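Colleague: Structure in structure tokens, see below.
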Amino acid sequence: MLINVLQDATDRLEKNKTSQERVRDLAQFESNIKKILDIANKMDSILEVAIEAKRQIQMPIVLELTLRNDLISTMRSVLEQAQDGFLDNEVVRNLSRNADDLRGYFNSSWTQTVSEEAKQVATSLDTFGRFMSNPDEASQIKLAISSRIQALPSQKNDVSLFASNLKKGREMADQAGDDPEIKMFIKKVLDKQASLADITPNVQEWIRKHKLEQRTKISFA
Amino acid sequence: MNWQNVQKRINEIIQVDVMADDESDFMATHMPFSRLPVQFSGRKDSLAVQMSEEEVYSQLVFNPNNEHRMIIVNGPNGSGKSHLIRWIRARMYSDNNIDTINNEKVVFIRRIDNTLRGTIRQLLEQGVVTDPIQLERLRQFVQSSDIQNEEELKSTLFYAFLTRVETDKEDIDYRSAERRRLASFLRDDDVKKILMEDDGPISRFYELLAKPHGVKQQVEAAFRAEDFMGMRKIMNTIQRNGSQDAKLIIARVLKENEAEKLATYLNRFSHAVIQQCANMAQGDVGEMIRQLRLDLKREGKALTVLIEDMTTFTGLDAELIKVLSVPHEGEYQDLCRVTSVIGLTNAYYDTYFRDNFQNRVTHQINVDGNIFGDADTLGEMAARYINATYMTKQEAKEWNERGAEQELLPYRTWEPDFEWESERIADREFSLFPFNRRSLLNLFNRLPEKTPRFFLRDVIKVQLNAWVQYQLGQGMFPDTKVSAIGENPLQFTEFQHNARFESVDLPQEKKQVLRAILCLWGDGHLHEEGEEPNHTIGNLSVPFLRFFGMNGLSGVRQTSIQNVSAAELIDVTPAISTQAATSKTMSVAEKNYRSELEALANWYEKKERLAFHEDFRKRVRLFLADAINWQLEGIPAYLASRKLALQNIYIEDQLERQEAKENLIFIKRDRDSYWMLIALTEWNYYGSSWDFKDAPFMQYRLIAWLEANKADIISRFKGEPGVTPMHTLQWSMSLEYLRLGLTGGLAQTESDDILLRKIFSQSENVSSRSDTDDAWSRLLKYIQHDARKSQFEENQKTLTRLPNTQMGSVIEDRNSKVLIHRDQVEQAFCTLKNLYWDVSTLLPDQSIERGELSTSAARLLQSLLPRVKEVLQDEKRKATELLKKLKAKLGESLERDTWVEASREMVNFLYMLNTEYHINFQSNLRTRSEKLEEIAEELANTCKRSYEVIEGMKFSQELAFFSTDPCQLLQDALDIILTIEDLAFKEAQKADSALASLRHDTSTGSENVKLVEVGLVSLIDRINALGGVNHVN
């Protein structure tokens, strides 16, 4: 329709005009380009790590709408401007902010994903480390796990390592008693599923043996 | 009275080609020549003295002083040369008791059969030839001519010429070799055949020699150039089959100069050949006469040679003249005196009497027609011949032997028992019955050749025969055949007498006879005067009329009203005679008038084609223009005027045939029409006035014709029943309506009054439409083409003039104001409006072949109306397309607001282009865009109306709508939209291009930019690939 045609033409004309009219500082442009590049690289890394985290530990990576649109819009603006040979500082800042938001988002998602289990495993390792065959390893793993809970790792390897430590820690915690009943009880404790019924005389004996009476808490679910 | 004898005597006395053989009859009928111009030398220019025949005889012929005389009697054929010479002879014999005459040998060569044979026979019979050997030869010729058939004699002649050529020794005209070739050429069978054809040269010689051919002018016996030039028809034959010589010669003689040369050459031998064929040797005639003269001299006698016609001596004439011209003195004093009286024509004299011979001529007597032709001469001649027919042969002979004195001429003319005209001859009255002087003069004047010969043959003899037949109860008198009374019709001098005469109850044949009597014997009228015994009708005695069976005829008496119809009660005085004009001082107008009357008479009575028809038709036209109140009869003045064109008036059998068509005014060849035309001719002759004697009668005839034909004429003018003036008006209006529609003159809504004014306003045939190639434009061009344009212009004129009231004559072109018959116009308009101006049902079913005034509009409508309907369909299709396109551009609603909005959008866009982006464009784009807002209402209405029309409306509504060219309005609007869109598109493309260029320049200078582009694009894709609220994994 006429109106559509005119509007479209107007848009394109305006776009061109805007692009044409921008004051271009080449040095500034190059500087901002580099910054954008850095930010893009960072975001790329973040995404890589997030994807790895999703793969390793099923960390959900569904972006919130606003964040996603904002991010994409900013990147497009950056693209447009970059194509025009122009990059204003604001858009650089926006992208940087978007990148930070992305990291923040993924950090949050990481924490939410790993915190509980990591703490459990760490606690188990801490509690039952001495009962493990290699209490030093347990202690290392506990440290490794605990140090990654707050933020998404910056490297993919770190994600893999974390996942590996977490797994190892769990396994060690599982293997902390040589009695199957004791293993079951430890596992349940790690899973927060242990109940009073699980405290069998055998388990009770194991607790007294390892002087864990004071570290064993009871709660009503 | 023994009428059979009279019949016989008529034929004896008046023979077809020659005079009466018998001398006594000759003398009994001889009309003395009273005035003969005589010249006393052979020179043509010598002074002439008038002499009577007796003076000629006594002073020239009687010749008491014995002087040599060569007297030439010349004059045209039939003028009486032979008669004079014969009279001289007879006069001489009547003086036979006088010694002088007794001692005269008279040789009288008559023109019995106009042949040389006849001449030689006479020479033999009259003892001119004395030499026995010569005598024998000439006898042989005469006898052989009698015996030989035509072919033999012609063959003899031909070979005589051939021999002459072959034996010719002179190289004057042709050399020897040429002569041989000529001979070979002449010997060719095809050449010979042509030369011997009936109208060929050999036949001419044959006729001279032996074939009687009466008194008709003898064709000269000679070869002519045409005889050889006419051989073109055998050229091919000779070229195929002829000898070499023949081929050569024929190729030459087909040219005029060579043909002339050959003819002249062969004519050199004419005399010799004639003599040879006549068994005469060269010099025979000369010797013959010379010997005669010698003999006569010895006998103490003289010689008078009378030759009626010198041409009978052709071939011998030169010798004869030579010997007759020799005087009897000096060395020739042994010859007797000769007096020769030779008849010949002026042409012959000029051709053959060369200067030296002319010098030998002593006298010339000129006999010409000037001395013959007056009433006295005719009367006397007639009286003599009439009397002679009643005389027996014996009576005539006895009278002649007694001296043929006129005073003693027996009077035997049959006379009626009532008084009759007579001629005084030698102090006695000779009755002219059954003629009178008037009839003789009238009949003589009607002769094609006014000579005594034809007068005797074609008047006296014919009518006397008729008279005798009448007496024998075997015929009517007079003889009224064309050959007897001539071709000119017989008319009474007064028209009402013509009419009166036509009403006489007699059989046609008798009526014809009576008409001849009244017009030729009488004065050409029916005035009845006097009582018995002086009772006359047309100045003819009633007893005379009764005698010939015209009983009961009543004429017109001046004071009597009996037997005269009311229409014929007029004060009659003799009018101008309609007889063949005898006055030599007639004016041109009168001559024309007479000619016209004659033409009418020939047309009516003799059923001949009518001459001067154009003049007659013009008068009819003028008459009808004023005589009929056309407008009162319901025929518009304009229509009447146009239809009263000359070509629409046709008189039956007028000279040039018009195309076979239904003439509006067809004047039949009947009595009423005849009198009508005469009446108009009279009116015209008298200065277009009715102020003449017979005017009331003429007017009566005119009105009678009008009343008989008026209804038919009016009906034809109206075009009934198929075409009426109202039809014509409707068609004209409809045609103009169409024209207005096509040229943009109609509006969608307009009052009847405005529409009517438009139709009658004679607007120009121009259109405001743009020149495109669509159907409407093509149709527009069609009607604006010169031929059709003039038809439309003509229709406009017709339209305003049809209902116009005109004062005065309908054919007078008055440049006055137009006064329209409003009721007629409104009636037509109402009809057309009810039909929504689709006049298909008002047009004739059949196609009109030729557009006449009343149907020309219909004819054009027949072809135009279907095309207009097609064009309207095309316009609807166009409108449909346009609306579709506009909807695509502006949306479904094409209301005013849409147009306003669109206009503003475009204007704003243009403004922005200019101010924001500094882009220039056509200066009128903005104006055009703004205009859309101004005409938004109109555009909306047009769109709306277009929908309605597309759905289907009445003819006039569609035409009126499209007349304003709404499609163009919409098209213009669409065009500006498309233009703006195109501009926008192009400018956007330019912007895109500029941006791309900018980006290209930018990106090519920085690797990092590329990396950023790639990286960000990848990031965008990966982020898009991540799950989200509105993202589908």
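The values are calculated or read from the model by the stated rules, or taken from the named source; none is laboratory data. Quick caveat: nothing in here was measured; it's all calculated off a predicted structure. All Cβ positions, glycine included, derive from the backbone under ideal geometry; neighbour counts span all protein chains shown.
Colleague: Are any residues in the range A:145-168 surrounded by 17 or more Cβ atoms within 10 Å (Cβ to Cβ), touching a residue at least 40 places away in the same chain (Cβ under 8 Å) and in a loop (DSSP other than H, G, I, E, B), and if so, which ones?
Modeller: A:L152, A:P153
Colleague: Given the conditions (1) surrounded by fewer than 22 Cβ atoms within 10 Å (Cβ to Cβ); (2) within 25 Å of B:M196 (Cβ to Cβ), which single one is not true for B:L294?
Modeller: (2)
Colleague: Just a yes or no: is a residue in the range B:966-978 surrounded by fewer than 13 Cβ atoms within 10 Å (Cβ to Cβ), of a type outside the set (A, V, I, L, M, F, W, C) and closer than 28 Å to B:K887 by Cα?
Modeller: yes
Quick grid of which residues meet (1) modelled with pLDDT of 85 or more; (2) touching a strand residue (DSSP E or B) at 6+ places or on another chain (Cβ under 8 Å); (3) under 22 Å from B:Y686 (Cα atoms); (4) of a type outside the set (V, I, T):
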residue	(1), (2), (3), (4)
B:T585	no, no, yes, no
B:S595	yes, no, yes, yes
B:D615	yes, no, yes, yes
B:V620	yes, yes, yes, no
B:E633	no, no, no, yes
B:Y638	no, yes, no, yes
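Colleague: On to the next question. Condition first: part of a helix (DSSP H, G or I), at the interface with chain B (Cβ under 10 Å from one of its Cβ atoms), under 18 Å from the mean Cα position of the chain (by Cα) and surrounded by 15 or more Cβ atoms within 10 Å (Cβ to Cβ). Can you find one or more residues in the range A:27-35 that meet it?
Modeller: No.
Colleague: Sticking with this one: Would you pick out the residues in the range B:904-916 that are surrounded by 16 or more Cβ atoms within 10 Å (Cβ to Cβ) and within 10 Å of chain A (Cβ to nearest Cβ)?
Modeller: Hits for the range B:904-916 are B:E905, B:M906, B:F909, B:L910, B:M912, B:L913.
Colleague: Quick one: how many residues across the range B:346-375 are farther than 18 Å from B:S79 by Cβ and in a helix (DSSP H, G or I)?
Modeller: Residues flagged as farther than 18 Å from B:S79 by Cβ and in a helix (DSSP H, G or I) within the range B:346-375 amount to 9.
Colleague: Being at the interface with chain B (Cβ under 9 Å from one of its Cβ atoms), touching a residue at least 12 places away in the same chain (Cβ under 8 Å) and in a helix (DSSP H, G or I) is the requirement here; does A:I39 meet it? Steps first, please.
Modeller: Details: at the interface with chain B (Cβ under 9 Å from one of its Cβ atoms): no; touching a residue at least 12 places away in the same chain (Cβ under 8 Å): yes; in a helix (DSSP H, G or I): yes.
So A:I39 fails the test.
Colleague: Further, regarding this structure: Filter the range B:413-454 for residues that are in a helix (DSSP H, G or I) and under 16 Å from B:N387 (Cβ atoms); which is nearest to the chain's Cα centre (by Cα)?
Modeller: First, pick out the residues of the range B:413-454 that are in a helix (DSSP H, G or I): B:437-445, B:452-454.
Filter again for under 16 Å from B:N387 (Cβ atoms), leaving B:437, B:440.
On the way: B:R437: 37, B:L440: 33 Å.
Here the residue is B:L440.
Per-residue answers, yes or no, for (1) touching a residue at least 24 places away in the same chain (Cβ under 8 Å); (2) among the basic types (K, R):
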residue: B:V338; (1), (2): yes, no
residue: B:L344; (1), (2): yes, no
residue: B:Y348; (1), (2): yes, no
residue: B:I365; (1), (2): yes, no
residue: B:R384; (1), (2): yes, yes
residue: B:A388; (1), (2): yes, no
residue: B:R402; (1), (2): no, yes
residue: B:E407; (1), (2): no, no
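Colleague: A follow-up question, please. It is to be established whether one or more residues within the range A:10-19 are at pLDDT below 85, touching a Leu at 6+ places or on another chain (Cβ under 9 Å) and surrounded by 14 or more Cβ atoms within 10 Å (Cβ to Cβ).
Modeller: Yes, because at least one residue in the range A:10-19 is at pLDDT below 85, touching a Leu at 6+ places or on another chain (Cβ under 9 Å) and surrounded by 14 or more Cβ atoms within 10 Å (Cβ to Cβ).
Colleague: Condition first: touching a Phe, Trp or Tyr at 6+ places or on another chain (Cβ under 9 Å), hydrophobic (A, V, I, L, M, F, W, C) and over 14 Å from B:I1020 (Cα atoms). Now tell me which residues in the range A:53-101 satisfy that.
Modeller: Result: A:A53, A:I57, A:M59, A:I61, A:A82, A:F86, A:L87.
Colleague: Still on this model: Which members of the range A:8-24 meet the condition of being in contact with a helix residue (DSSP H, G or I) (Cβ under 9 Å, 6 or more places away or on another chain) and more than 9 Å from chain B (Cβ to nearest Cβ)?
Modeller: Of all residues in the range A:8-24, those in contact with a helix residue (DSSP H, G or I) (Cβ under 9 Å, 6 or more places away or on another chain) come to A:8-20, A:22, A:24.
A:T18, A:R22, listed by residue number.
Colleague: Another question about this same structure. Any idea which of (1) assigned to a helix (DSSP H, G or I); (2) more than 10 Å from chain B (Cβ to nearest Cβ); (3) closer than 30 Å to A:F162 by Cα is the one A:M59 doesn't satisfy?
Modeller: The failed condition is (1).
Colleague: Also: Where in the range B:78-192 are the helices (runs of 4 or more DSSP H), entirely inside, with at least 3 residues that are surrounded by fewer than 17 Cβ atoms within 10 Å (Cβ to Cβ), at pLDDT 85 or above and in the same structural domain as B:A221 (by TED's automatic domain parsing)?
Modeller: Once the helices (runs of 4 or more DSSP H) in the range B:78-192 are filtered for at least 3 residues that are surrounded by fewer than 17 Cβ atoms within 10 Å (Cβ to Cβ), at pLDDT 85 or above and in the same structural domain as B:A221 (by TED's automatic domain parsing), what remains is B:176-187.
Colleague: Of the residues A:S164, A:S124, which is at pLDDT 80 or above and among the hydroxyl-bearing types (S, T, Y)?
Modeller: Going through A:S164, A:S124 in turn, the sole match is A:S164.
Colleague: Moving to a separate point now. Name the residues in the range B:23-51 that are surrounded by 15 or more Cβ atoms within 10 Å (Cβ to Cβ) and in contact with a strand residue (DSSP E or B) (Cβ under 7 Å, 6 or more places away or on another chain), would you?
Modeller: Result: B:L36, B:P37, B:V38, B:Q39, B:G42, B:M51.
Colleague: What helices (runs of 4 or more DSSP H) lie completely within the range B:228-309 and have 1 or more residues being among the charged types (D, E, K, R)?
Modeller: Qualifying helices (runs of 4 or more DSSP H): B:235-241, B:244-253, B:256-267, B:284-299.
Colleague: OK, next. Residues that are among the basic types (K, R) and within 29 Å of B:S751 (Cβ to Cβ): does the range B:899-917 have at least one?
Modeller: No: the range B:899-917 contains no residue that is among the basic types (K, R) and within 29 Å of B:S751 (Cβ to Cβ).
Colleague: Here is a further query. Among the residues of the range A:75-87, is any surrounded by fewer than 16 Cβ atoms within 10 Å (Cβ to Cβ), under 17 Å from B:L998 (Cβ atoms) and β-branched (V, I, T)?
Modeller: Our first condition is that a residue be surrounded by fewer than 16 Cβ atoms within 10 Å (Cβ to Cβ); within the range A:75-87, this holds for A:76.
Add one more test, that the residue is under 17 Å from B:L998 (Cβ atoms), and what stays is none.
Scanning the range A:75-87 turns up no residue that is surrounded by fewer than 16 Cβ atoms within 10 Å (Cβ to Cβ), under 17 Å from B:L998 (Cβ atoms) and β-branched (V, I, T).
Colleague: Residue check, A:E171 against (1) part of a helix (DSSP H, G or I); (2) closer than 17 Å to A:S115 by Cβ, all met but one. Which one?
Modeller: Every listed condition holds for A:E171 apart from (2).
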